[in-house]
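The values are calculated or read from the model by the stated rules, or taken from the named source; none is laboratory data. All of these numbers come straight from a predicted model, not from anything done at the bench. Please note: Cβ atoms are built from the backbone with ideal geometry, for glycine as well, and neighbour counts cover all protein chains shown. Accessible surface is based on the protein model in full, side chains and every heavy atom, while ligands, DNA and RNA are left aside. Shrake-Rupley method; radii C 1.70, N 1.55, O 1.52, S 1.80 Å.
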Amino acid sequence: MKNTKITLAHGSGGKLTHELIKQLFLPNFNNVALSQLSDSALLQLNGMKLAFTTDSYVVKPLFFPGGDIGKLAVSGTINDLAVVGARPTFLSAGFIIEEGLEMSLLEKVVRSMKETATGAGVDIVTGDTKVVEKGSADNLYINTCGIGIVDDRANLSPSSITIGDKIIMSGTIGDHGLAVLSERESLGFNPLIQSDCAPLSSMICKLIASGANIKFMRDPTRGGLATTLNEIVNPQKYGIVIEEQSIPMNDSVRALCEILGYDPLYIANEGKVVIVASADDAVRIRDILREDDLGKDAEIIGEVVGDSHGKVCLKTVIGGTRIIDMLVGDQLPRIC
Amino acid sequence: MKYIDEFRNGTVAAGISKKIASLVEGHDRITVMEVCGSHTMSIYRYGLKNLLPKNLRLLSGPGCPVCVTSTSYIDTAIAMVQKTNSRSVSEKEVLVTTFGDMMKVPGSSSSLEKERAKGAAVAVVYSTLDALRLAEKHPDKQIVFLAIGFETTAPTIAASIIEAERRRLKNYFVLTAHKVMPPVMQALLKDRDLDLDGFLCPAHVSTIIGSRPYEFIAQEFHIPCVIAGFEPLDILLGIYMLIEQIVKKEASVKIQYSRVAREDGNQKALSLLERVFEPCDVEWRGLGLIPKSGLKLRGVYATYDALSVFRISDFGFRINPEIRNPKSEINGCICGDILRGIKMPSECKLFKKVCNPEHPVGACMVSNEGTCAAWYKYGET
């Protein structure tokens with residue numbers, strides 16, 4: 001690997017993160033389940049099809065408009081299970097706590113985890129606690145693992161995607177990333193941008209139960225919608241074209257992105273799902289999503305095409321076309 | 001959004017594109033340079049080149065503040081953070097604060113991002129006020145702000161110094177590398193390798209300086225100028241206004257961005273600049289030293305000048321004002337020619353191979369506004 005030291009960009013979910021996974025973790029851990037690089041590992045155990053996933057949460061600040069690290073830690077893992085077609089059942093919770101953290105803050109986080117898990121019908125059944133010296137961590141880190149039972153009706157894989165399939169986004173993009181950024185940097189942006197952080201399992205279970213022909217799902221977290229779409233097409237023989245005009249986005253997110261020079265396509269989401277589905281069922285899927293409060297802004301945003309192999313293209317609002325690449329490094333605020 | 005959506009209307013864009021196409025039909029190649037990096041980004045972000053005729057060539061100029069920041073400046077900033085690591089107990093820690101774009105810009109042997117990964121005190125800020133807040137919050141540290149950019153950002157730096165003076169902050173310093181646009185445009189016009197038909201003048205710079213400083217371009221060089229905004233329709237209309245002049249063989253300075261830019265500019269900002277800065281010769285990465293193209297702090301504000309206060313000569317770096325990006329040139333980087341508009345990124349043997357946004361060799365690949373980064377990101381080959 002070219003870089004001799006890990007930089008923050010290795011954790012951005014973009015190209016460097018993928019390099020790290022493909023060049024270090026995959027060859028060393030090497031097994032069939034891991035090599036799928038799915039949101040959750042799909043495992044067969046005594047005839048049962050299980051999904052198993054883990055994620056660590058290091059968000060700063062711990063509390064932000066629309067959520068907190070606890071809600072995020074539970075929702076994120078539930079969503080990683082849901083998007084592979086699994087019904088989340090059990091979660092673990094590991095806490096790395098910095099010496100000096102206010103007990104009342106920890107309690108608030110734990111209660112938020114309990115509330116989120118209960119709302120999603122999931123139990124937190126095991127856990128771990130470590131306290132590290134002041135300065136060795138940033139207040140609180142949480143790791144959650146989750147296990148779920150895969151619905152037999154779900155048969156999700158990028159390999160089942162075909163030309164003509166539609167891309168559906170369950171709602172507005174960029175809300176979580178900018179909510180956290182605004183709070184962390186005290187940008188004082190008004191109205192406050194609310195994180196979309198939420199467990200999507202109930203909405204996704206309804207979709208699967210509808211029998212709609214869903215080919216693939218992924219939650220566009222770090223790296224945003226752009227990186228997720230790139231993960232889908234690369235290295236496939238098809239491409240994806242999305243319409244800028246159709247991508248749902250709150251005005252406040254658009255405005256802040258304009259000010260900071262950020263591309264909203266790369267901003268993290270924590271309560272959204274990207275769905276690739278048969279063209280025949282796309283409108284029905286969009287409408288089912290819209291029946292749920294978490295999917296009320298759902299839109300069909302593009303389609304799978306035969307050309308542009310392995311690439312994502314955007315038709316811009318004024319009729320131009322450009323390629324959307326995977327996030328490279330961290331997005332940085334512009335100078336002017 | 002008001003004042004945004006109106007300027008992103010596809011139907012209107014198609015109409016203007018058609019008019020541009022009919023104006024240039026039958027003409028030889030027409031070359032227009034957009035001087036500002038934000039124009040370059042908008043052109044790629046909205047896929048504007050697809051809407052323009054083939055015989056109209058858009059060139060990107062030296063208007064990305066990160067791209068034109070010299071290697072020696074980055075080396076100086078790095079020297080400051082390295083000093084942090086080796087300081088004696090009696091010295092206060094230096095915390096270098098910067099806008100994010102600067103983090104990856106390569107110096108001779110490292111970048112601020114790499115130094116931060118090694119533990120150096122470097123913080124990304126969103127405004128000069130953030131840097132001032134850090135100075136107030138950490139009286140035990142010396143906060144150095146990397147003051148780069150053109151006439152757009154310079155007034156905010158000037159205001160921060162006046163504010164630091166008002167708050168009696170003794171631990172806020174700026175390391176200046178400010179540049180101004182008209183002298184570099186003049187230098188480009190004197191460059192015989194470059195064959196230009198018109199300038200799309202920068203929007204935000206022009207809101208500060210107005211249109212008058214570009215008059216010499218029309219009068220002495222007979223090159224038309226249009227000050228255009230950054231929205232796609234602004235740019236298309238700006239190009240249309242330029243082509244109109246070019247095909248009629250006329251040359252004047254026109255303002256498309258009239259909702260913000262004025263002939264006389266922003267007097268309040270200009271008086272701030274005048275109060276705090278004075279012109280100086282400055283090095284542009286890849287372009288060399290251009291007389292009177294920079295701004296340095298006036299002597300009365302010397303106590304805020306990091307270069308005066310921190311005795312850079314002690315840092316072990318040789319600061320040579322004539323240095324011309326030696327590392328990049330040794331490696332075959334042609335950023336200088338790209339910034340002058342005489343070569344395209346695809347003509348660089350490093351482009352997309354050893355030079356990419358993760359491992360930039362030259363500054364044009366670093367900033368979002370850089371020509372190479374835009375070509376890389378938006379897929380032009």
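Considering every residue in A:252-265, what mean count of other chain Cβ atoms within 10 Å of its Cβ is obtained? Don't jump to the answer; show the numbers that get you there.
Details: counts 1, 0, 3, 2, 0, 0, 4, 1, 2, 6, 1, 4, 0, 0.
The per-residue average across the peptide is 2.
Enumerate the whole-percent occupancy of each 10 Å bin, from 0 to the last occupied one, for all C-alpha pair distances of chain B.
Over chain B, the share of Cα pairs per 10 Å bin runs 5, 23, 32, 24, 11, 3, 0, 0 percent.
Could you run the Karplus curve 6.51 cos²θ - 1.76 cosθ + 1.60 with θ = phi - 60° over segment A:258-268 and give me ³J(HN,Hα) per residue in whole Hz, x for Gly and Pro?
The phi angles translate into 4, 5, 8, x, 8, 9, x, 5, 9, 8, 5 Hz.
From Cα coordinates alone, what are the radius of gyration and Dmax values for segment B:189-290 in angstrom?
So, for segment B:189-290, Rg and Dmax equal 14.8, 43 Å respectively.
Translational diffusion coefficient of chain A at 4 °C, 1.567 mPa s, Stokes-Einstein with Kirkwood Rh over Cα pairs, in µm²/s as a whole number. If you can, show how the numbers build up before the last one.
Working: Rh = 20.5 Å.
Once the numbers are plugged in, D ends up at 63 µm²/s.
Out of A:273, A:223, A:233, whose Cα points farthest toward the positive end of the dipole of segment A:186-299 (charges: +1 Lys, Arg; -1 Asp, Glu; placed on Cβ)?
Ranked along the dipole, the leading option is A:233.
Given 25 °C and 0.890 mPa s, how large is the Stokes-Einstein diffusion coefficient of segment A:208-304 in µm²/s, with Rh as the Kirkwood radius over Cα pairs?
Roughly 171 µm²/s, to the nearest whole number.
What whole-number distance in Å separates the alpha-carbon centres of segment B:236-276 and segment B:7-61?
18
Please give the per residue accessible area of the protein assembly as shown, computed with a probe of 1.4 Å over protein heavy atoms only, in Å². Intermediate values should be presented prior to the final figure.
Values: 30170 Å² over 717 residues.
Per residue, the protein assembly as shown has 42 Å² of solvent-accessible surface.
May I have the extent of the alpha carbons of segment B:18-126 along their three principal axes, as whole Å values ordered from largest to smallest?
72, 23, 17
Counting only other chains, and only Cβ atoms inside 10 Å, what mean value do you get across the residues of B:97-104? Let's see the in-between values first.
On the way: counts 0, 2, 5, 8, 6, 2, 6, 5.
Other-chain Cβ atoms within 10 Å of each residue's Cβ, averaged: 4.
Can you compute the charge dipole magnitude of segment B:59-181 about its Cα centre, using +1 on each Lys and Arg Cβ and -1 on each Asp and Glu Cβ, nothing else charged? Give it in debye, rounded to the nearest 20.
That gives segment B:59-181 a dipole magnitude of about 280 debye.
Once label points are set 7 Å from the Cα along Cα→Cβ at both residue A:185 and residue B:359, what is their separation, rounded to one decimal in nm?
Computed distance between label sites residue A:185 and residue B:359 equals 2.9 nm.
Count neighbours as other Cβ atoms within 10 Å of each site's Cβ, and list the trypsin sites (Lys or Arg not before Pro) in segment A:89-164 that are DSSP loop with at most 13 such neighbours. Could you put the intermediate results ahead of the total?
Values: sites: A:108, A:111, A:114, A:130, A:134, A:153; in loops: A:134, A:153.
Filter output for segment A:89-164: A:134, A:153.
Calculate the length of the line joining the C-alpha centroid of segment A:168-218 to that of segment A:36-101, in whole Å.
15
Could you name the lysines whose alpha carbon sits less than 28 Å from that of residue B:292, not counting residues in the same chain fewer than 8 places away?
B:104, B:179, B:190, B:254, B:268, B:327, B:343
Report, in debye and to the nearest 20, how large the dipole of segment B:109-252 comes out about its Cα centre when Lys and Arg carry +1 and Asp and Glu carry -1 on their Cβ.
Values: 16 positive and 18 negative charges, 169 e Å.
Here the size comes out at about 820 debye.
Have a look at segment A:1-95 and give its Rg and Dmax from the Cα atoms, expressed in angstrom.
That works out to 15.5, 44 Å for Rg and Dmax.
Using the Karplus equation 6.51 cos²θ - 1.76 cosθ + 1.60 (θ = phi - 60°), what ³J(HN,Hα) coupling, rounded to whole Hz, does each residue of segment A:119-127 give in order, writing x for Gly and Pro?
x, 9, x, 10, 9, 8, 9, 7, x
Among the DSSP beta bridges whose two residues both lie in chain A, what percent are antiparallel, rounded to the nearest 5? Provide the component values of the computation, followed by the final result.
Details: 46 of 59 bridges.
Given both bridge residues lie in chain A, the antiparallel proportion sits at roughly 80 percent.
Which three extents, in angstrom, do the Cα atoms of segment A:247-325 have along their principal axes, listed largest first?
In descending order, the Cα extents are 36, 35, 23 Å.
For a quick check of your reading of the filter: which GluC sites (Glu not before Pro) in segment A:249-336 sit in a DSSP loop and have no more than 15 other Cβ atoms within 10 Å?
Working: sites: A:258, A:270, A:291, A:299, A:303; in loops: A:270.
Counting only loop positions with at most 15 other Cβ atoms within 10 Å, none of the GluC sites (Glu not before Pro) in segment A:249-336 qualifies.
Could you work out [θ]222 nm for chain B from helices alone, using -39500 (n - 2.57) per DSSP H run of at least four and dividing by all its residues? Round to the nearest 500 deg cm²/dmol. Can you show the working numbers first?
Details: 15 runs with 140 residues, N = 381.
Rounded to the nearest 500, the figure is -10500 deg cm²/dmol.
Below 8 Å, C-alpha to C-alpha, sequence gap of six or more: please give me the relative contact order for chain B in percent.
Numbers: 723 pairs, mean separation 81.7, N = 381.
With pairs under 8 Å counted, the relative contact order is 21 percent.
Given springs between every Cα pair under 10 Å in a Gaussian network model of chain A, which of A:314, A:200, A:105 has the largest fluctuation?
In this elastic network of chain A, the residue with the biggest mean-square fluctuation among A:314, A:200, A:105 is A:105.
I'd like the per residue volume of the convex hull spanned by the Cα atoms of segment A:134-238, given in cubic angstrom.
On the way: hull volume 17.7 nm³, N = 105.
Each residue corresponds to 169 Å³ of Cα convex hull volume.
Check which residues have an amide H placed less than 5 Å from residue A:200's amide H, if you skip close sequence neighbours.
For residue A:200, whose amide H was placed from the backbone, the distant partners under 5 Å are A:79.
In terms of modelled amide H atoms, which long-range or inter-chain residues lie less than 5 Å from the amide H of residue B:149?
Correct list: B:179.
Taking a label point 7 Å from the Cα of residue B:263 along the Cα→Cβ vector, which residues of segment B:209-234 have an amide N closer than 14 Å to it?
Once the point is set 7 Å along Cα→Cβ of residue B:263, B:210-215 turn out to lie under 14 Å by backbone N, inside segment B:209-234.
For peptide B:38-51, how many partner chain Cβ atoms fall within 10 Å of a residue's Cβ, on average?
On the way: counts 4, 0, 0, 3, 0, 2, 3, 6, 9, 12, 5, 3, 6, 5.
Mean shielding by partner chains, rounded to a whole number: 4.
Give me the distance in nm between label points sitting 7 Å out from Cα along the Cα-to-Cβ direction at residue B:21 and residue B:109, one decimal.
In this crude spin-label approximation the distance works out to 5.6 nm.
Thinking of segment B:31-78 as a set of Cα atoms, what percent of all their pairs are more than 13 Å apart? Provide the component values of the computation, followed by the final result.
Working: 709 of 1128 pairs.
Above the 13 Å cut-off, segment B:31-78 has 63 percent of its Cα pairs.
Over segment B:102-173, calculate the relative contact order: mean separation of alpha carbon pairs under 8 Å at least 6 apart, over the residue count, as a percent. Before the final figure, lay out the partial values.
Working: 49 pairs, mean separation 19.8, N = 72.
It comes to 27 percent, rounded to a whole number.
Measure off 7 Å from each Cα along the Cα-to-Cβ vector at residue A:149 and residue A:92, then give the distance between these two points in nanometres to one decimal.
A separation of 2.2 nm, rounded to one decimal place.
What are the GluC sites (Glu not before Pro) within segment B:161-264 that DSSP puts in a loop, where the Cβ has at most 16 other Cβ atoms within 10 Å? Let's see the in-between values first.
On the way: sites: B:163, B:165, B:215, B:220, B:244, B:250, B:263; in loops: B:250, B:263.
Listed in order of number, the matching sites are B:250, B:263.
Once the Cα gyration tensor of the protein assembly as shown is found, what semi-axes does its equivalent ellipsoid get, as square roots of 5 times the eigenvalues, in whole Å, sorted largest first? Numbers along the way, then the final one.
Details: eigenvalues 393, 219, 97 Å².
Output for the protein assembly as shown: semi-axes of 44, 33, 22 Å.
Give me the accessible area buried between chains A and B, both sides summed, with a 1.4 Å probe, in Å² rounded to the nearest 100.
Values: alone 16540 and 17120 Å², together 30170 Å².
In total, this chain pair buries about 3500 Å².
Taking the Cα centre of the protein assembly as shown as the origin and placing charges on Cβ (Lys, Arg +1; Asp, Glu -1), which of A:95, B:171, B:11 is farthest toward the positive end of the dipole?
The residue sitting farthest along the positive end of the dipole is B:171.
In a Gaussian network model over chain B where Cα atoms closer than 10 Å are linked, find which of B:17, B:308, B:111 has the largest mean-square fluctuation.
B:308
Quick one: give the max-minus-min coordinate of the C-alpha atoms of segment A:227-275 along each principal axis, largest first, in Å.
37, 20, 18
With heavy atoms of protein chains only and a 1.4 Å probe, what residues of segment B:361-381 have at least 10 Å² less accessible area in the full set of chains than alone?
Relative to the lone chain, where solvent access is computed with a 1.4 Å probe, segment B:361-381 loses at least 10 Å² at B:368, B:369, B:376, B:377, B:378, B:379.
Taking the Cα centre of the protein assembly as shown as origin, work out the dipole magnitude from +1 charges on Lys and Arg Cβ and -1 charges on Asp and Glu Cβ, in debye rounded to 20. Walk me through the intermediate numbers first.
Working: 79 positive and 83 negative charges, 249 e Å.
Using only the charged Cβ atoms, the result is roughly 1200 debye.
Which whole number in µm²/s is D for segment B:225-278 by Stokes-Einstein, with the Kirkwood Rh taken over Cα pairs at 25 °C and 0.890 mPa s? Spell out each step's value before the answer.
On the way: Rh = 12.6 Å.
Answer from the Stokes-Einstein relation: 194 µm²/s.
In terms of modelled amide H atoms, which long-range or inter-chain residues lie less than 5 Å from the amide H of residue A:215?
Excluding prolines and chain starts, which carry no amide H, the hits are A:276, A:277, A:278.
Taking 1 over the mean of 1/r across every pair of different Cα atoms in segment B:92-157, what Kirkwood radius in Å do you get? List each step's numbers first, then the result.
Details: mean 1/r = 0.0799 Å⁻¹.
Across segment B:92-157, the inverse of the average 1/r is 12.5 Å.
Which one, B:257, B:280, B:94, projects farthest toward the positive side of the charge dipole computed for chain B from Cβ point charges (K/R +1, D/E -1)?
With unit charges placed on the Cβ atoms, the residue in question is B:94.
Can you give me the C-alpha center-to-center distance between segment B:99-169 and segment A:239-290, rounded to a whole angstrom?
Cα centroid of segment B:99-169 versus Cα centroid of segment A:239-290: 35 Å apart.
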